[in-house]
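The structure under discussion appears below in the form of structure tokens.
The values are calculated or read from the model by the stated rules, or taken from the named source; none is laboratory data. A quick note: this is a predicted structure, and the numbers were derived from the prediction, not measured. Virtual Cβ from ideal backbone geometry, glycine too; neighbours counted across all protein chains shown.
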Amino acid sequence: MRRFLGFLVERKDYVSLILAVIISITLLSSDESEEIRIIRGKTNDVLNVLYSPVQWVRDINILKRENEILKATAVQLKLLNSSLLNSKYENERLREMLEFKRERRLELIPGRVMSKGLSPVLNSITIDIGVREGIEENSAVMGIDGIVGKTVNVGERSSIVQILHDYSARVSVKLETSGATGILRWRDDDTFEVWEIPKAIPIQMGERILTSGHSDIYPENLPVGTVTGVINRPEMLHKIIKAEAFTDFSSIQYVFVVRNLSSE
């Protein structure tokens, strides 16, 4: 107590000022005379002016926080929208494959691509289905858009697929309009050539190229690609068709191993 009294005595000027302010505010609040009301109003105006920068800073901070929340929400909505669009696209393509399956007597066994080929002598992918799902060697493999290749090694739970990008891959194909057949040979990226097309056969740009069915591996009429050009030199006995594949081999995620039920 003695220390407290000593503290008050040492700072009596400050204490007196604080008490005077408190008493003045009390008197201003309790007195309802016209002069006091005017003084009270002007005091409130001054305090409002002094407080406005503080309120402005507080509003800016609130707006910043709200802006950050809105940005985070916008990013989340974009991600959700992207995921929904991707799911919608995959669902539409899978429905197309199911419709393709109904039109022909084919059993399509779905699988997912686990990895791209690691061997320098074989351009391949590894898929997550094998003997357990009834997969056999030398079975045709399709993507959403067209043929991918054939199984060359089948394990219990996975299989290696030789894709059409492989240098040694050959497929018997035909032109959809004329039915003329030839041998598919890969060149680069998603382009290939079809050899052994008779010179007399008319070629249409954009004409579809399908599997010919002259194979124990690829059933007839599986989509392969479209015609983009023709090489027809006088010294050649046949035409060479330049074409583009339906399948984008750089982005394969899902495949279907084909079993031809019509041959059973």
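Worth a mention:
- Flag for I231 being surrounded by fewer than 17 Cβ atoms within 10 Å (Cβ to Cβ) and among the β-branched types (V, I, T): yes
- Members of the range 151-168 that are under 16 Å from L210 (Cβ atoms) and in a strand (DSSP E or B): none
- Filtered by the rule that a residue be crowded, with 17+ Cβ neighbours inside 10 Å, in a strand (DSSP E or B) and modelled with pLDDT under 90, the range 173-222 gives a lone residue, W186.
- Checking the stated criteria, E244 turns out to be over 23 Å from I109 (Cβ atoms), in a strand (DSSP E or B) and among the acidic types (D, E).
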